[in-house]
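Novice: Here it is, the structure in full.
The values are calculated or read from the model by the stated rules, or taken from the named source; none is laboratory data. This is a predicted model, so every value here is computed, not measured. Cβ: placed from backbone, ideal geometry, glycine included. Neighbour counts: every protein chain shown. SASA here: full protein model, heavy atoms, side chains in, ligands and nucleic acids out. Shrake-Rupley method; radii C 1.70, N 1.55, O 1.52, S 1.80 Å.
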Amino acid sequence: GFCWGAYPVFAESASGRIQAGASCHPSLKIGEMFFDHSVTEQAKAVTCPILLCPAGNDPDNVKPNGDVQKLIQEKGISCEITEFPEMQHGWVPRGDATNEAVARDVKKSIEVVCNFFKEKLTNASM
């Protein structure tokens, strides 16, 4: 999921319906704002490996060693984070692809997500 799409990724993980989830420039505050689900509650409910790809201006709680990663890893579940410090929130679907750095990091983020799913789902039982 992109941006607020992190909320349904985490919700589907909590339900046990998915085997891995990923989000670029995740915005878990949507859960707090509209559904009264704190970021802490969302992270504690995760049941599968998660990948986050935050932008430089995304909250610290979704960056490496942030609260989200710590809460998920405390449960023995993988939470990988690849930060894109030069990017601004929303760069993957809304970034200016004529900007060389944006184009580079859009490509890299898609590759990171694809590799994550390939690794996590290749030997998963269906």
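Novice: What is the residue count in region 28-45 for residues that are surrounded by fewer than 22 Cβ atoms within 10 Å (Cβ to Cβ), in a loop (DSSP other than H, G, I, E, B) and either at negative phi or in contact (Cβ under 8 Å) with a residue 12 or more places away in the chain (or both)?
Specialist: 3
Novice: Among the residues of region 61-77 satisfying the criterion of being surrounded by 18 or more Cβ atoms within 10 Å (Cβ to Cβ) and in a helix (DSSP H, G or I), which is farthest from the chain's Cα centre (by Cα)?
Specialist: Among them, the one singled out is LEU71.
Novice: Out of region 50-60, which residues are in contact (Cβ under 8 Å) with a residue 24 or more places away in the chain, open to solvent by 30 Å² or more (accessible area, probe 1.4 Å) and out of contact with any His (no Cβ under 9 Å at 6 or more places or on another chain)?
Specialist: The answer is PRO59, and nothing else.
Novice: Moving on. Restricting the search to region 94-113, which residues are of a type in the set (Ser, Thr, Tyr) and either under 13 Å from PRO54 (Cα atoms) or touching a Ser or Thr at 6+ places or on another chain (Cβ under 6 Å) (or both)?
Specialist: Correct list: SER109 only.
Novice: Mind listing just one residue for me: the one in region 78-91 that is under 22 Å from ASP67 (Cα atoms) and of a type in the set (A, V, I, L, M, F, W, C) and, of those, most open to solvent (accessible area, probe 1.4 Å)?
Specialist: Taking the candidates together, the pick is ILE81.
Novice: Specify which of the listed residues (ARG104, ARG94) is open to solvent by 90 Å² or more (accessible area, probe 1.4 Å), modelled with pLDDT under 95 and among the charged types (D, E, K, R).
Specialist: Being open to solvent by 90 Å² or more (accessible area, probe 1.4 Å), modelled with pLDDT under 95 and among the charged types (D, E, K, R) holds for just one of ARG104, ARG94, which is ARG94.
Novice: Further, regarding this structure: Please indicate, with yes or no, whether at least one residue in region 117-126 is under 17 Å from TRP4 (Cα atoms), open to solvent by 30 Å² or more (accessible area, probe 1.4 Å) and outside any loop (DSSP other than H, G, I, E, B).
Specialist: Taking every residue of region 117-126 in turn, none turns out to be under 17 Å from TRP4 (Cα atoms), open to solvent by 30 Å² or more (accessible area, probe 1.4 Å) and outside any loop (DSSP other than H, G, I, E, B).
Novice: Next question, about the same structure. Could you list, in sequence order, all residues of region 51-79 that are within 18 Å of LYS120 (Cβ to Cβ) and touching a helix residue (DSSP H, G or I) at 6+ places or on another chain (Cβ under 6 Å)?
Specialist: LEU51, LEU52, CYS53, VAL68, ILE72, CYS79
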